[in-house]
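Visitor: Attaching a single structure in structure tokens format; questions to follow.
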Amino acid sequence: MPNLAMHISNGIIDAPVSAAFAGLALVALAICVNRGRNDLDERLAPMAGLVAAFIFAVQMLNFQVLPGVSGHLLGGVLAAMLVGPWVGALCVSTVLIVQCLVLADGGLTALGLNITNMAVIGTAAGYLLAALLLRFLPKNPTGLAITAFVASVIGVVAASQGFVFEYWLGGTTSLSIPVVSGTMAGSHVLIGIGEGLIAATTVATVARVRPDLVYAMRRFRTKAAPVTPVRAPETVAGGAA
Amino acid sequence: MSKRLWIFIACGLFVSLVLAGVVSNFASSSPDGLDAATLKGCTTDAEGNITGGTCMAQQTKDHQFKDSPLADYGIKGIDNPYLSTGLSGVAGVLITFGVGYGVFWLVRRRRPSGSEPADEAAMSSSGSGGSS
């Protein structure tokens, strides 16, 4: 089964550029942990674990986009809308790290490249667009679905161009950059549409079942409804947890 | 912690397990958008091996963990491809949830940040500890 590898393999991008992006990814993850912990409470932690597990599962579901070409969800926009941009980027990173270390998918040397593209660029681009769209669209399941769809298309294409940028900096072959860029953009528009449908369905479903668990509904609301009953924090693990 | 939340989490995990354990066997086996781009310029045989031309994928080096028990979404020693893919998916979902929940639990906010008044009110305003 040679086609089950899904992310950048070792050797496609040279070692110095891979190392530089590993450093960049590390800094980005540190920032995400720092900012994300403001959002992470006892409720969001298991939810974020679930979002990561769900993204892992759906990434296995390659769908055909062209003859001989498939695509799979990246998950950045889905994660950002459900658990926020910082924790969302960490969810996608968790998936990529598990895939690399446990399932040998995505080279270890290329891990920083993959995290930069899918967890950082894809999530950031998609989230910024989603935040903009939600200023105009209603924060109900339909509005969230439209937002998730559009932001996913843009987020996926942005992530694909991250690879093109890395290839331009340190590709171990010398193919024409515009051609690579066009190939990647073309296939990833279609992949983004598939991702958008999945993300829209998922976000709308969660928004119907448990709107309180959708970050985009809670945090984008201008005036908070009575902040949900805050229970005394000393419920579990009294000591130095 | 609320029971309703955990019911939701359990349902979500169940859906994820079914997707990774069963539906994954019906996924397209064509190379994904990135892989297809790295193969552009090369010709491949029916099994996806490069037979000629010039493309990025020729520079690909082996994965450091190619011999790991779950490498390439299969389980070493299980010959049935459906079982092998499905079980690797189930294992991956559980590992990802475990690692994700574990890390997020460890780095979570230990006390209300103080930015939200409602949270502040819930805290007894006496203990102003050090680390946040």
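Visitor: Could you check, for segment A:20-27, whether at least one of its residues is farther than 19 Å from A:S160 by Cα, part of a helix (DSSP H, G or I) and within 7 Å of chain B (Cβ to nearest Cβ)?
Guide: no
Visitor: Something else: Only residues that are outside any helix (DSSP H, G or I) and either out of contact with any Gly (no Cβ under 9 Å at 6 or more places or on another chain) or in contact (Cβ under 8 Å) with a residue 60 or more places away in the chain (or both): list them for segment A:41-65, please.
Guide: Listed by number, the residues that qualify are A:D41, A:E42, A:R43, A:L61, A:F63, A:V65.
Visitor: Let me ask another. Between a first residue in segment B:88-113 that is at pLDDT 95 or above and a second residue that is among the aromatic types (F, W, Y) and in a helix (DSSP H, G or I), which pairs have beta carbons less than 6 Å apart while being 6 or more apart in sequence or on different chains?
Guide: B:S88/B:Y73; B:G92/A:F56; B:V93/A:F56; B:T96/A:F56
Visitor: Please work out which residue is farthest from the other protein chains (Cβ to nearest Cβ), limiting yourself to segment B:13-40 and to residues that are touching a strand residue (DSSP E or B) at 6+ places or on another chain (Cβ under 8 Å) and of a type in the set (A, V, I, L, M).
Guide: B:L39
Visitor: Which pairs do you get when a residue that is within 26 Å of A:M184 (Cα to Cα), found in segment B:47-71, comes within reach of a residue that is acidic (D, E) and assigned to a loop (DSSP other than H, G, I, E, B), reach meaning Cβ atoms under 7 angstrom, with the pair 6+ apart or on two chains?
Guide: Short answer, once both residue conditions are applied: B:T51/B:D45.
Visitor: Tell me, yes or no, whether segment B:40-55 has at least one residue that is within 25 Å of A:L108 (Cβ to Cβ) and part of a helix (DSSP H, G or I).
Guide: no
Visitor: Return a yes/no flag: does segment A:100-113 have any residue that is within 14 Å of another protein chain (Cβ to nearest Cβ), under 24 Å from A:A148 (Cα atoms) and among the hydrophobic types (A, V, I, L, M, F, W, C).
Guide: no
Visitor: Further question on the same structure: Checking A:F136 against (1) facing chain B (nearest Cβ under 8 Å); (2) of a type in the set (F, W, Y); (3) out of contact with any Gly (no Cβ under 8 Å at 6 or more places or on another chain), only one condition comes out false. Which one?
Guide: (1)
Visitor: Now for a separate question. Test each condition in (1) in contact with an Asp or Glu (Cβ under 9 Å, 6 or more places away or on another chain); (2) more than 7 Å from chain A (Cβ to nearest Cβ); (3) of a type outside the set (A, V, I, L, M) for B:T43 and report the one that comes out false.
Guide: (1)
Visitor: I would also like to ask the following. Please tell me if A:A53 is facing chain B (nearest Cβ under 9 Å), among the aliphatic types (A, V, I, L, M) and crowded, with 24+ Cβ neighbours inside 10 Å.
Guide: In short, yes.
Visitor: Quick check on A:A79: is it closer than 15 Å to A:V214 by Cβ, within 14 Å of another protein chain (Cβ to nearest Cβ) and in a helix (DSSP H, G or I)?
Guide: yes
Visitor: Give segment B:63-87 a look and list any residue that's more than 7 Å from chain A (Cβ to nearest Cβ) and either closer than 21 Å to A:T173 by Cα or not in a loop (DSSP other than H, G, I, E, B) (or both), or say none.
Guide: Residues satisfying the conditions are B:P81, B:Y82, B:L83, B:S84, B:T85, B:G86, B:L87.
Visitor: Considering segment B:7-43 alone, what residues qualify as being touching a residue at least 24 places away in the same chain (Cβ under 8 Å) and either out of contact with any helix residue (DSSP H, G or I) (no Cβ under 7 Å at 6 or more places or on another chain) or crowded, with 24+ Cβ neighbours inside 10 Å (or both)?
Guide: B:S16, B:A20, B:S24
Visitor: Test A:S9 against the stated conditions and say whether it is at the interface with chain B (Cβ under 9 Å from one of its Cβ atoms), on the phi < 0 side of the Ramachandran plot and of a type outside the set (A, V, I, L, M, F, W, C).
Guide: yes
Visitor: If you go through segment B:1-12 one residue at a time, how many are facing chain A (nearest Cβ under 7 Å) and either outside any helix (DSSP H, G or I) or within 18 Å of the chain's Cα centre (by Cα) (or both)?
Guide: The total comes to 3.
Visitor: A follow-up question, please. Would you be able to say whether some residue in segment A:81-90 is over 17 Å from A:E195 (Cα atoms) and among the small types (G, A, S)?
Guide: Yes; the residues of segment A:81-90 include at least one that is over 17 Å from A:E195 (Cα atoms) and among the small types (G, A, S).
Visitor: Considering segment A:183-210 alone, what residues qualify as being among the basic types (K, R) and more than 8 Å from chain B (Cβ to nearest Cβ)?
Guide: Passing the criteria: only A:R208.
Visitor: Taking the criterion of being part of a helix (DSSP H, G or I), out of contact with any Lys or Arg (no Cβ under 8 Å at 6 or more places or on another chain), away from every other protein chain (no Cβ under 14 Å) and surrounded by fewer than 17 Cβ atoms within 10 Å (Cβ to Cβ), would at least one residue in segment A:148-164 satisfy it?
Guide: Looking through segment A:148-164, none of the residues is part of a helix (DSSP H, G or I), out of contact with any Lys or Arg (no Cβ under 8 Å at 6 or more places or on another chain), away from every other protein chain (no Cβ under 14 Å) and surrounded by fewer than 17 Cβ atoms within 10 Å (Cβ to Cβ).
The values are calculated or read from the model by the stated rules, or taken from the named source; none is laboratory data. Since this is a predicted model, take the numbers as computed values, not measurements. No Cβ is skipped: glycine too gets one built from the backbone with ideal geometry, and neighbour counts run over all protein chains shown.
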